[in-house]
Amino acid sequence: MAILKIHLPSILMDLQKHSAAVTTIAPMLSVRKGARAIEFYKAAFNAVEAFRIDAEDGAVVARLSVNGAEFWLADESPEHSNFSPETLGGRDRANGPDR
């Protein structure tokens, strides 16, 4: 009869590596002139586009990443209650003062 030796700590470490759940939050920025804002984030923060959809009317939705921190950026869509800071009385700094 053979005896099987199991090294429990290494098995537990393997299980932890493969079953560790990661929770992340990816904020959504709603702006005017989304394509221009994307170029701003790429130039200012070296952002990388992970996903992007451009609509025929020029509207854009994109997922960007800065050093692994992801966020979404989209043109405002008032018909879906998605408003930019400008529409709500604030300023969209990414697009600068010459909006």
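Per-structure values
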item: Ellipsoid semi-axes in whole angstrom, largest first, where each is sqrt(5λ) of the Cα gyration tensor of the range 21-95; result: 20, 14, 13
item: Gain upon complete extension [Glu49, Phe83; 0.36 nm per residue less C-alpha separation]; result: 10.0 nm
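Readers should treat all values here as calculations from the given coordinates under stated rules, not as data from a laboratory. Just so it is clear, the structure is predicted and the values come from calculations on it, not from any experiment.
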